[in-house]
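Peer 1: Could you have a look at this structure, given as structure tokens, before my questions?
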Amino acid sequence: MTPLAEFLVVAALVFAIGLAIALTRRNAILVLIGIELMLNAANLNLIAFWRFGPHPEALTGMMFALFSIAVAAAEAAVGLGLVIAYHRHTKTTDLDAMTRMRG
Amino acid sequence: MIFGFSILFLLTAVVTVAGALAAALLKNLVHCALSLTVTFAGLALLYLELGAQFIGFAQILVYIGAVAILVVFAILLTRGAGVPEYRGYSSSWFFGLVIAAATFALLAWAVVKSLPASLVSATPAVSVQSIGTALMSSYVLPLEIVAVLLTVALIGAVIVAMPEGKASSEKGGPQ
């Protein structure tokens with residue numbers, strides 16, 4: 001395998017594990033963790049393509065990854081805030097018990 | 001070199017994937033958050049191996065410094081009154097696992113099939129100065145939009161997580 005393919009396979013593995021966490025776990029915080037893992041796998045893809053692509057001096061992939069990290073941080077803050085607000089009402093973070101959206 | 005992989009890459013890849021697997025399999029939520037931190041550190045090391053020093057250190061600062069701490073805080077804040085003993089996996093866990101495995105198989109197949117045999121280039125020399133120049137010249141509009149997005153998201157997160165009685169009394173106060 002080429003070096004690029006090695007990094008892409010690692011990113012695919014992390015993405016699949018994040019997807020498995022988001023689809024199978026019952027705790028809302030763990031589902032957010034799975035989404036973070038998927039975002040990180042996408043970032044690894046961007047950086048790998050930037051490194052082995054034809055024009056690394058243009059910095060395009062690096063900038064995309066940088067903005068993606070910033071958006072992921074905002075997503076984590078809002079998501080965890082929502083989980084905490086839901087927990088205050090219903091005393092649970094179990095997704096199977098989250099059956100209504102009205103407060 | 002082991003099986004054609006460099007030892008450094010193999011070590012960091014194994015640490016990264018093992019941390020993600022531990023986050024998927026462990027029962028204790030705090031242990032999950034700590035193994036997530038290991039995965040973030042492994043990804044930062046992979047970025048450093050790829051020659052993206054700035055992104056690697058930004059990953060350490062943002063993910064290990066902020067997101068992991070936020071996750072641990074959320075776990076500890078929401079743990080108190082809940083039932084400590086419960087099933088960790090949803091009722092449809094089998095389908096989720098099948099979907100995840102199929103996704104990985106598809107991605108790995110596409111990667112192995114579609115890439116050319118040799119694609120080796122020299123490590124690009126990127127200084128922090130060139131990143132700053134790019135951010136301030138051609139990427140200045142996305143940078144400002146991200147700044148606005150972060151402000152809005154963090155204020156929104158604080159308002160969402162604020163106790164409701166306090167928020168409504170402050171809203172109703174001056175009226």
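The values are calculated or read from the model by the stated rules, or taken from the named source; none is laboratory data. Everything numeric here is computed off the predicted structure, so don't read it as measured data. Cβ placement follows ideal geometry from the backbone for every residue including glycine, while neighbour counts extend to all protein chains displayed.
Peer 1: Need the failing condition index for A:GLY81 against (1) at the interface with chain B (Cβ under 7 Å from one of its Cβ atoms); (2) surrounded by fewer than 19 Cβ atoms within 10 Å (Cβ to Cβ); (3) of a type outside the set (A, V, I, L, M); (4) within 30 Å of B:PRO142 (Cα to Cα), just the number.
Peer 2: The number of the failed condition is (2).
Peer 1: Taking A:PRO56 as meeting all but one of (1) out of contact with any Leu (no Cβ under 7 Å at 6 or more places or on another chain); (2) surrounded by fewer than 21 Cβ atoms within 10 Å (Cβ to Cβ), write down the number of the exception.
Peer 2: For A:PRO56, the exception is condition (2).
Peer 1: Taking segment B:23-41, which residues are over 20 Å from B:GLY65 (Cα atoms) and more than 9 Å from every other protein chain (Cβ to nearest Cβ)?
Peer 2: Answer for segment B:23-41, where residues must be over 20 Å from B:GLY65 (Cα atoms) and more than 9 Å from every other protein chain (Cβ to nearest Cβ): B:LEU25, B:LEU26, B:LYS27, B:ASN28.
Peer 1: Find the residue count for segment A:86-103, including only residues that are at the interface with chain B (Cβ under 7 Å from one of its Cβ atoms), crowded, with 18+ Cβ neighbours inside 10 Å and assigned to a helix (DSSP H, G or I).
Peer 2: Residues meeting the conditions: 1.
Peer 1: Another question, if that's okay. The conditions are (1) touching a residue at least 24 places away in the same chain (Cβ under 8 Å); (2) in contact with a Gly (Cβ under 7 Å, 6 or more places away or on another chain); (3) among the aromatic types (Phe, Trp, Tyr), and A:PHE7 fails exactly one of them. Which is it?
Peer 2: Condition not satisfied by A:PHE7: (2).
Peer 1: Quick one: in segment A:1-55, of everything that is under 21 Å from B:ALA110 (Cβ atoms), part of a helix (DSSP H, G or I) and of a type in the set (S, T, N, Q), which residue is farthest from the other protein chains (Cβ to nearest Cβ)?
Peer 2: A:ASN45
Peer 1: Inspect all residues belonging to segment B:77-91 and state whether any of them is at pLDDT 85 or above, closer than 13 Å to A:ILE33 by Cα and facing another protein chain (nearest Cβ under 10 Å).
Peer 2: no
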